[in-house]
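The values are calculated or read from the model by the stated rules, or taken from the named source; none is laboratory data. Please read these numbers as outputs of a predicted model, since none were measured by experiment. Here the Cβ positions follow ideal geometry from the backbone for every residue, glycine too, while neighbour counts run over all protein chains shown. The area values use the complete protein model at the heavy-atom level, side chains included, leaving out ligands, DNA and RNA. Shrake-Rupley method; radii C 1.70, N 1.55, O 1.52, S 1.80 Å.
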Amino acid sequence: MVHRSRGDVVRGGQVTLLAHRDEPTSLSEKLLATLRTEFSGDVIVFDPRDPVFGGPACAVSGCIRVAHGQGLCSGHHLRWRNEGRPALGAFVATTDPRCFGGRAVGDAVPVFERQVTLTALPPGLRLEVQYLLQCRRDDRLARCSVPTATRMVRVLAGIPVTSLLDWDESRWRRSFGRPAPKDAGARALIIYGLGKLDELAFGPGWESEYPRDVWRLHHLGYPTGDGSPARLHFDRIAQPWLRELAKRWLRWRLSTGLGATAAARCVGALTRFARFLERAPLRLQRLADVDRSVLEQYLADLAAELAGRPAHRSHIGLLSQFFQAVRHHGWDLSLPGTATFYPEDYPKGTEQLPRALPEHVIAQVERPSNLERFNNPSYELTTRILIRCGLRVSDALKLAFDCIIEDGDGAPYLRYENHKMRREALVPIDEELRGLIGDQQRRVLARFPDGAPVLFPRPLTNPDGRKPIGSSVYRGALDRWLRKCDVRDERGQPVHLTPHQWRHSLGTTLINLDVPQEVVRKLLDHDSHQMVAHYARLSDKTIRRHWERARKVNVSGEVVTLDPAGPLAEASWAKQRLARATQALPNGYCGLPLVKTCPHANACLSCPMFITTAEFLPLHRQHHEQVVEIITAAEAKGQTRMVEMNRQVAENLEKIITALAEDEESSGGSADAS
């Protein structure tokens, strides 16, 4: 086998080769030791029913060729298309089982569908391709047709390389085929093999990945796919001194438990800062030039682009953490002490708007007739779990096949992995949901008789049932389902919702039902009370509803009214809510804003800002009796000033009691402001 020695680091590609290590001379020995007999020949023959390189037979009775699109072999699929795509069931029942070319029923599967010939490749490259095909078979991640493998061999035979490692990933992507973000066919298979060979040669882990300018996270043990980044791109940071510090920071952050998505945000923040430093007139060449004046210019640049967006605060915070880590660990002592962000540099945080679904929408979504309109029972059950249990969508889709446990009394619980908190969690479920999960388990076993590790296996490119349905796939199905059910909001507009809104809706509903916040925190498996407090803030609508219904009376017995739909409704409610929390009185509420000083010295019954409701009527009657007794005693003692002061209080109490009593009689005693 011929190998090239590695020279300088290749920049700008998807994968940057190691700069300081020679190719191990034992790679060919490793390949020979790893390769199994069935993959070591010049001609590799696959079973047509192989779960990776083959597949089930064509749906047309009597045809034994491998099925592809629509469950048909390539020949019958072409015939189906040429006939105008008729109803599939009728086509399968009536078409000739012989494919194009008049091949007779019972003939063997064509050679091009079951064998790959490698004789056109040089010996070293041939050995690598044999290893590639073996790895693809063992990984069983997705089907790979034999014709695709044959096209790959044909491409490699026409390229002047003796090893896949002769080129980096970037060059392989540019050298042939259609450039696209997602490769398919021969090129994707070559890039897959490139990664497998590199892993065999140098092994996974930090020793192999750290010198690269693009880290492949699956080599570091991080799961990829379903929205998680597969790579961290340091190659987009042009300054070598900043790139090396960035890699050092991210290695440390990942070793402390930082997730892949958060790590990608860190790299993104440093990449943007690097682009800023490249602009004229800055063009900084060293860390020692990054002082406070540079940061002030960067703050202005961030504000111009990101003002009012959450990313604005995030970019400042991440860059500040980076500088702190450089100082704390002593990675570069040239960093100026003035390169610091201050609290006032951060934009003011904005309060998130409520994300709970309106009751009008929830009623349509949870309607059984609508839920049954999902075209896949897995999507329907996922939706029911999200609604009733409040799981994050990624956690729900990754539920294990055996996800139900029981307590000592036989009550069922759903066991799931909280991937955000990296821990296992439990949530109680009812018997109906347990039965629906049991039905799903039976469907999975019917498809995978040997069992599958997940409750919701992906329907395609999933030979062993190991891969769960992706969140993007479910979101697409959800959008189509919402359109099919014609779910609309109060204004008659089509509804677009995210799966996470069901989590917010459940939390808000529980709070509105007076479930203690600690219980809500446990049910939703939050780490702190901060998010639960957000649900509690949303529950103000419950209190507001009672407050708007209640009859409010001031010290003169006059009704205080407020139009709930008026422009001051929200502002007035916010003031009343704050007053209840900080200025609650034993017999009512103070309507005076906190920023003002009270001139009435606790004599609230003579204060025009005092507001009360019928719930305090017994206290007012008791208070009136006490005031009358005080007035009688004061008159007997000749205390004129005491009589005058309390007589005003008594008169106000009489007006309040009369007004509230009339309201209580008219409403049947149901006035309630709590």
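Within segment 141-156, how many residues are out of contact with any Ser or Thr (no Cβ under 6 Å at 6 or more places or on another chain), surrounded by fewer than 16 Cβ atoms within 10 Å (Cβ to Cβ) and over 12 Å from residue 187 (Cα atoms)? Going through segment 141-156 one residue at a time, the tally reaches 0.
How many of the residues making up segment 406-430 are open to solvent by less than 50 Å² (accessible area, probe 1.4 Å) and farther than 23 Å from residue 257 by Cβ?
As a first pass, look at segment 406-430 and keep what is open to solvent by less than 50 Å² (accessible area, probe 1.4 Å): 410-412, 414, 416, 418, 425, 427, 429.
Restricting the remaining residues to those that are farther than 23 Å from residue 257 by Cβ gives 410-412, 414, 427, 429.
So the answer is 6.
Residue 47: within 30 Å of residue 133 (Cα to Cα), among the acidic types (Asp, Glu) and out of contact with any Ser or Thr (no Cβ under 7 Å at 6 or more places or on another chain), yes or no? Yes: the conditions hold for residue 47.
The residue that is farthest from residue 138 (Cα to Cα), among those in segment 42-83 that are surrounded by fewer than 14 Cβ atoms within 10 Å (Cβ to Cβ) and touching a helix residue (DSSP H, G or I) at 6+ places or on another chain (Cβ under 8 Å), is 83.
Here are 499, 457, 494: which of them is more than 16 Å from residue 392 (Cβ to Cβ) and either under 15 Å from the mean Cα position of the chain (by Cα) or surrounded by fewer than 19 Cβ atoms within 10 Å (Cβ to Cβ) (or both)?
None of the others qualify; the one that does is 494.
Of the candidates 203, 257, 227, 221, the single residue that is within 30 Å of residue 126 (Cα to Cα), in contact (Cβ under 8 Å) with a residue 12 or more places away in the chain and surrounded by fewer than 16 Cβ atoms within 10 Å (Cβ to Cβ) is 221. Residue-level check: of (1) in a loop (DSSP other than H, G, I, E, B); (2) over 24 Å from residue 436 (Cα atoms); (3) open to solvent by 60 Å² or more (accessible area, probe 1.4 Å), residue 340 misses just (3).
For first residues located in segment 502-515 and touching a residue at least 60 places away in the same chain (Cβ under 8 Å), partners that are outside any helix (DSSP H, G or I) and lie 6+ apart or on another chain with Cβ distances below 6 Å form the pairs 503/390; 504/355; 504/356; 505/356; 505/357; 506/390; 508/356.
Across segment 377-388, what is the number of residues that are farther than 20 Å from residue 364 by Cβ and either open to solvent by 30 Å² or more (accessible area, probe 1.4 Å) or at pLDDT below 95 (or both)? Before the answer, list the steps.
Within segment 377-388, the subset farther than 20 Å from residue 364 by Cβ is 377-378.
If we keep only those that are either open to solvent by 30 Å² or more (accessible area, probe 1.4 Å) or at pLDDT below 95 (or both) too, we end up with 377.
Final tally of qualifying residues: 1.
Yes or no: residue 319 of a type in the set (A, V, I, L, M), crowded, with 18+ Cβ neighbours inside 10 Å, within 25 Å of the chain's Cα centre (by Cα) and over 30 Å from residue 292 (Cβ atoms)? Answer is no for this residue. Can you list residue pairs whose Cβ atoms sit under 7 Å apart, with the first residue in segment 437-449 being over 15 Å from residue 399 (Cα atoms) and the second being of a type in the set (Val, Ile, Thr) and part of a loop (DSSP other than H, G, I, E, B)? Count only pairs 6 or more apart in sequence or on different chains. Every condition considered, no pair remains. Among residues of segment 313-326 that are at pLDDT 95 or above, those with a Cβ under 8 angstrom from a residue that is of a type in the set (S, T, N, Q), sequence gap 6+ or separate chain, pair up as 320/340; 323/340.
Residue 120 falls short of the stated requirement of being open to solvent by less than 10 Å² (accessible area, probe 1.4 Å), at pLDDT 85 or above and small (Gly, Ala, Ser).
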